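Engineer: Submitted below is the structure of interest, expressed as structure tokens.
Read-outs throughout are calculated quantities, based only on the coordinates presented, and are distinct from any laboratory measurement. Treat the numbers as computed from the prediction; the structure is a model and nothing was measured. Using ideal geometry, Cβ is built from the backbone for each residue, glycine included, and neighbour counts are taken over all protein chains shown.
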Amino acid sequence: MLVKRAVGTALSNSASGGYSTLLRDSARNLVGHADLLNGKRAVAALVAVSAVAGGALTAVTMKATPHLKTKFRSAAQDTAEGAAEAASDPVEEPGTLQGPRLRAV
């Protein structure tokens, strides 16, 4: 159930512990009645909008996935080729260490 009420008003507290449809202002003066609306339409509209948005997002994702896979796959291959080239380069190590040697005390 939806409640339509004027700005600056609040629902009255009922004697049974809930709310009544009486509208009161900030000084607790009675200013009118709230309109009670059927919430089924609002829920149905929300479900319809969610379904359309979800379907559109799914379609865009399905369309973009092959392009992204190709892009990331080529980037990963470039990185792997660069790492293989770096690993195949010989590393020259000095024959003898030069400079002072450090010893733990």
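Engineer: Cut-off under 27 Å on the C-alpha distance; same-chain residues fewer than 8 positions from K63 excluded. Which lysines are left, in chain and number order?
Structural biologist: K71
Engineer: Residue by residue through segment 31-43, what is 3J(HN,Hα) from phi via Karplus (6.51 cos²θ - 1.76 cosθ + 1.60, θ = phi - 60°)? Round to whole Hz and write x for glycine and proline.
Structural biologist: 10, x, 10, 7, 8, 9, 10, 6, x, 5, 5, 5, 5
Engineer: In nanometres, what is the gap between the two model label sites at A42 and V60, each 7 Å from Cα along Cα-to-Cβ?
Structural biologist: It works out to 2.7 nm between the two label points.
Engineer: Give me the distance in nm between label points sitting 7 Å out from Cα along the Cα-to-Cβ direction at S50 and Y19, one decimal.
Structural biologist: About 2.2 nm separates the two model spin labels.
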